[in-house]
Amino acid sequence: MGMNVLVTGSSGLIGSEAVAFYDGAGHEVVGVDNNMRAVFFGPRGDTSWNLERLKKSTSHFSHRHLDIRDREALFALFREQRFDLIVHCAAQPSHDKAKDIPLQDFEVNALGTVNLLEATRQFCPEAVFVHMSTNKVYGDAPNELPLEETETRYDYARPEHAHGIAEDFRIDRTLHSLFGASKTAADIMAQEYGRYFGLKVGVFRGGCLTGPSHSGVELHGFLNYLVKVAVSGETYTVFGYKGKQVRDNIHSHDVIQAFEAFRQAPRPGEVYNLGGGRENSCSILEAIARVEALTGRRMKWRYDEHNRVGDHICYISDLRKLKSHYPGFALTRSLDGILQELVVAESRRLAALS
Ligand SMILES: NC(=O)c1ccc[n+]([C@@H]2O[C@H](COP(=O)([O-])OP(=O)(O)OC[C@H]3O[C@@H](n4cnc5c(N)ncnc54)[C@H](O)[C@@H]3O)[C@@H](O)[C@H]2O)c1
């Protein structure tokens, strides 16, 4: 049976992947996005190219230029249509940006999420609700784990931490950044709607999410932005930790596979870490070296010794809970495969502009 799917943040990286996936599977998809990424990050964050791409490539997709902070408009949409699945990806997504716009950040991330949860409770309580959260809910607490330093990266020093950060890692008494705090508020409310009201809410705490549909900017979109800079010949800035800070990278395609696994067998109020795990982890130095090998060119970069406030020195998502609840889920895109795809996509985009 065809579903009616609502995707928020539908012109962004994860939202657009969700639109393409559910549209391709024959479902009706309504996308909500007000292109606020361009307000946050300027022209480079503009997602309208991605919306145009979706309009051309989909057959059951309609777009609403709607702000998730606008409760009236959102509730009107929920009155008009009954959704079976809500994939909530709209956000102010940047750690660093939040300090300049604390009120907007909180309104979009926390209040916008509650608006959607409450609309779901009132108008379609049977729906599955996927909430995209972040590993920044753990703040900088992962930095307290003993680390070892190799030539190119930091890593966990103790074997018991080798699998990375699990969902029972503490989320308070830690420096989150304002973004991490607003997303933690949203994460807790989403869990609460699952546990208290029994809604079929799943909370996914993302590591580094990536793919060619990202409108990558310096303040958000690690690999996409790095490849963009490498291909265009601009200069990349590495902030602190000698460039040895480690992120785990997951392709947007695999993110949607995790959502879909949850949709098919939802567990109300559950939380899952969702990143590339150890196999798809790299430091910034390692990412630069891999991109240089792919492009055959040296990348220009400079070092700023000030690390980003609250930045993780080594973050690897422990995927064991997700894999044990959903044994069919596995990563399908390797780090090298992801980088290759990003280099090809960026080279094409640049060629189209010139
Ligand atoms: N990309 C990552 O590395 C990463 C990592 C961890 C968690 N996340 C989370 O995943 C989710 C999706 O991230 P993404 O990378 O796709 O971000 P993105 O910025 O590419 O997409 C978000 C979309 O939401 C839209 N939006 C913002 N505010 C809105 C509002 N008030 N009303 C309607 N639309 C609005 C933006 O215009 C944008 O198109 C976010 O919740 C983010 O915090 C992302």
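The values are calculated or read from the model by the stated rules, or taken from the named source; none is laboratory data. Being a predicted model, the structure only gives us computed values, none of them experimental. Reconstructed Cβ throughout: ideal geometry from the backbone, glycine too, with neighbour counts over all protein chains shown. Ligands, DNA and RNA are stripped out before the accessible areas are found, and what is left, the full protein with its side chains, is counted by its heavy atoms. Shrake-Rupley method; radii C 1.70, N 1.55, O 1.52, S 1.80 Å.
Values for this structure:
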quantity: Pick from region 164-209, criterion hydroxyl-bearing (Ser, Thr, Tyr) and in contact with a helix residue (DSSP H, G or I) (Cβ under 8 Å, 6 or more places away or on another chain), ranking: least open to solvent (accessible area, probe 1.4 Å); calculated: SER182
quantity: Near pairs, Cβ below 9 angstrom, 6+ apart or cross-chain, from region 190-208 (farther than 18 Å from ALA261 by Cβ and assigned to a helix (DSSP H, G or I)) to any residue that is within 16 Å of the ligand (Cβ to nearest atom) and aromatic (Phe, Trp, Tyr); calculated: TYR193/PHE129
quantity: Meets criteria (out of contact with any Leu (no Cβ under 9 Å at 6 or more places or on another chain), within 13 Å of the ligand (Cβ to nearest atom) and open to solvent by less than 50 Å² (accessible area, probe 1.4 Å)) for LEU77; calculated: no
quantity: Filter pass, PHE40 being open to solvent by 50 Å² or more (accessible area, probe 1.4 Å) and modelled with pLDDT of 95 or more; calculated: no
quantity: Test: residue in region 46-57 that is closer than 22 Å to CYS124 by Cα, within 11 Å of the ligand (Cβ to nearest atom) and open to solvent by less than 70 Å² (accessible area, probe 1.4 Å); calculated: no
quantity: Cβ-Cβ under 6 Å pairs, at least 6 apart or on other chains, region 57-70 side within 26 Å of ALA186 (Cβ to Cβ), far side near the ligand (Cβ under 9 Å from one of its atoms) and among the acidic types (Asp, Glu); calculated: ARG69/GLU107
quantity: Odd one out for TYR225, checked against (1) open to solvent by less than 20 Å² (accessible area, probe 1.4 Å); (2) in a helix (DSSP H, G or I); (3) within 11 Å of the ligand (Cβ to nearest atom); calculated: (1)
quantity: Contacts under 7 angstrom Cβ, first residue in region 264-288 being touching a residue at least 24 places away in the same chain (Cβ under 8 Å), partner acidic (Asp, Glu) and assigned to a loop (DSSP other than H, G, I, E, B), 6 or more apart; calculated: VAL271/GLU167; TYR272/GLU167; ASN273/GLU167; ASN273/ASP318
quantity: Residue tally, condition in a loop (DSSP other than H, G, I, E, B) and touching a residue at least 60 places away in the same chain (Cβ under 8 Å), over region 151-188; calculated: 9
quantity: Flag for LEU111 being among the aliphatic types (A, V, I, L, M), open to solvent by 40 Å² or more (accessible area, probe 1.4 Å) and either closer than 30 Å to TYR241 by Cα or free of Cβ contacts under 8 Å to residues at least 12 places away in the same chain (or both); calculated: no
quantity: Odd one out for ARG82, checked against (1) closer than 16 Å to VAL32 by Cβ; (2) touching a residue at least 60 places away in the same chain (Cβ under 8 Å); (3) part of a helix (DSSP H, G or I); (4) more than 12 Å from the ligand (Cβ to nearest atom); calculated: (3)
quantity: Out of ASP155, ASP140, sole residue that is of a type in the set (Asp, Glu), under 21 Å from the mean Cα position of the chain (by Cα) and over 25 Å from GLN264 (Cβ atoms); calculated: ASP140
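Okay, residues lined up against (1) among the acidic types (Asp, Glu); (2) away from the ligand (no atom under 16 Å from the Cβ); (3) modelled with pLDDT under 95:
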position	(1), (2), (3)
TYR236	no, yes, no
LYS242	no, yes, no
HIS253	no, no, no
GLN257	no, no, no
PHE262	no, no, no
ARG267	no, yes, no
GLU270	yes, yes, no
